[in-house]
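Student: Mind having a look at this structure? Questions to follow.
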Amino acid sequence: MSRIAIIGAGLSGLACARALRDEGREVTLFDKGRAAGGRLATRRAEAGRRRLQWDHGAQYLTARGADFAALLAECGAAPWGEPGRFVGVPGMSSLPRTLATGLDLRAGRHVVALEGGPGAWMLRHLDAALVRPGQPLPAAEPHSDGPFDSVAITLPPAQAASLIARPAPGLRQRLESVAIAPCWAVLAAFAERPDWPETLRPEAGPIGWLARDSSKPGRDTAAECWVIQAGPDWSLAHLEDPAETIAPRLLAALPPAPPPLLLKAHRWRYSLVRAPLGEPCLWLPAARIGLAGDWCLAGRAEAAFDSGRALAAALLA
Ligand SMILES: Cc1cc2nc3c(=O)[nH]c(=O)nc-3n(C[C@H](O)[C@H](O)[C@H](O)COP(=O)(O)OP(=O)(O)OC[C@H]3O[C@@H](n4cnc5c(N)ncnc54)[C@H](O)[C@@H]3O)c2cc1C
């Protein structure tokens with residue numbers, strides 16, 4: 001039976017994997033993260049014996065299609081805020097954790113190259129703990145896995161580009177046409193509730209979105225946990241600024257808050273898609289390589305789900 005490798009275990013990779021598994025295919029997922037989920041993520045911490053958590057990536061999910069709505073129900077997502085908004089319980093990461101159940105996931109593996117050819121692709125990957133973002137790859141000898149009949153790459157296009165440079169050089173221009181905005185996200189915890197609205201999406205200024213994460217269902221309410229996201233233009237202008245300078249500047253743009261128990265800034269180099277590819281996925285039948293991700297369709301989690309399933313359908317055809 002043919003083996004299929006999926007690089008990336010975000011929502012698109014998981015959706016692709018499940019659709020292939022449901023058709024009896026043998027699938028192996030590789031992800032550099034410690035668990036599945038990618039941008040559907042929950043960060044946990046502790047301060048003064050209080051357990052803290054924030055959904056620091058996707059804030060809430062909406063379903064336009066019946067299949068994604070069914071998936072949200074299957075994963076126990078609960079309504080939050082305005083009608084039609086859903087979140088994972090007790091955190092956004094519970095969704096990908098549920099989806100990954102029973103799948104062969106190799107976590108903590110940073111894939112650095114595709115070698116071989118159609119029908120016999122080999123994946124070369126490093127222990128992700130050795131790879132520093134923005135630094136050259138370490139000299140360590142990568143591990144090899146394979147052979148795989150086909151490979152699905154479900155990474156943001158800039159990250160996919162180096163993997164397809166040799167096997168599919170013709171795709172470079174297509175990938176370069178896609179634009180994804182970065183996002184600085186500040187995770188803040190307070191003992192007392194700041195005098196802020198439950199959610200806020202200002203029209204102007206550095207802040208793009210503010211949310212009281214601890215108001216989501218199933219969260220520990222021992223502390224006030226808030227997510228403050230910078231808008232795309234501010235995030236881009238300050239992308240390389242030191243992380244410790246971000247939170248004070250975003251807090252200064254809000255009404256005064258009590259002293260924080262904890263403040264952390266997280267840099268997402270790829271957050272919401274600004275210019276998508278405009279096709280559900282890319283599939284190269286001769287090479288038996290495909291690409292999927294939210295960036296194919298739109299900047300929402302449901303687009304990642306649709307794209308991953310479209311790639312599975314192309315692979316099966
Ligand atoms: C700050 C922020 C806010 C958002 N808000 C919302 C929202 O409110 N609603 C909504 O619907 N969507 C939102 N989104 C978008 C949503 O999170 C994405 O559309 C969706 O999660 C994308 O899934 P994906 O599988 O396409 O990509 P990703 O989730 O990015 O998955 C890619 C995976 O590839 C892995 N990877 C990358 N390189 C390698 C490598 N070389 N080797 C191995 N693994 C690798 C990564 O670890 C990651 O797990 C938000 C995103 C961000 C960042």
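The values are calculated or read from the model by the stated rules, or taken from the named source; none is laboratory data. Given the structure is predicted, the values throughout are model-derived calculations rather than measurements. A quick note on method: Cβ atoms are made from the backbone with ideal geometry, for glycine too, and the neighbour counts reach across all protein chains shown. Just the protein is used for accessible areas: all its heavy atoms, side chains included, with ligands, DNA and RNA removed. Shrake-Rupley method; radii C 1.70, N 1.55, O 1.52, S 1.80 Å.
Student: Considering only protein heavy atoms, with the full assembly of protein chains and a 1.4 angstrom probe, order F148, F86 by accessible area, largest first.
Tutor: F86, F148
Student: Per-residue ellipticity at 222 nm for the chain, helices alone: DSSP H runs ≥ 4 residues times -39500 (n - 2.57), over residue total, nearest 500 deg cm²/dmol? Present the calculation step by step, with values, prior to reporting the outcome.
Tutor: Numbers: 8 runs with 70 residues, N = 317.
For the chain, the value works out to -6000 deg cm²/dmol.
Student: Report P(r) for segment 266-312: all Cα-Cα distances, bin width 5 Å, range 0 to the bin holding the largest distance, values in whole percent.
Tutor: P(r) over segment 266-312, rounded to whole percents: 5, 25, 27, 19, 13, 7, 2, 1.
Student: Which Cα, out of L123, V273, A9, lies furthest along the positive dipole direction of the chain (beta carbon charges, K/R +1, D/E -1)?
Tutor: My answer, from the dipole projection, is L123.
Student: Among the DSSP beta bridges whose two residues both lie in the chain, what percent are antiparallel, rounded to the nearest 5?
Tutor: Details: 46 of 62 bridges.
Close to 75 percent.
Student: With a 1.4 Å probe and all protein chains left in place, how much accessible area per residue does the chain have, in Å²?
Tutor: I get 45 Å² per residue for the chain.
Student: Considering only protein heavy atoms, with the full assembly of protein chains and a 1.4 angstrom probe, order D145, D22 by accessible area, largest first.
Tutor: Ranked list, largest accessible area first: D22, D145.
Student: Over the heavy atoms of V112, what accessible area does a 1.4 Å probe trace out, to the nearest 10 Å²?
Tutor: 30 Å²
Student: How many percent of the accessible area of segment 1-79 is carbon or sulfur, using a 1.4 Å probe?
Tutor: After summing per-atom areas, the C and S share lands at 45 percent.
Student: Now a separate question. If T62, T101 are ordered by their accessible area, calculated over protein heavy atoms with a 1.4 Å probe, which sequence runs from highest to lowest?
Tutor: Listed by decreasing accessible area, they come as T101, T62.
Student: Please report the accessible area of E192 (heavy atoms, 1.4 Å probe, ligands and nucleic acids excluded) in Å², nearest 10.
Tutor: Here the accessible area works out near 120 Å².
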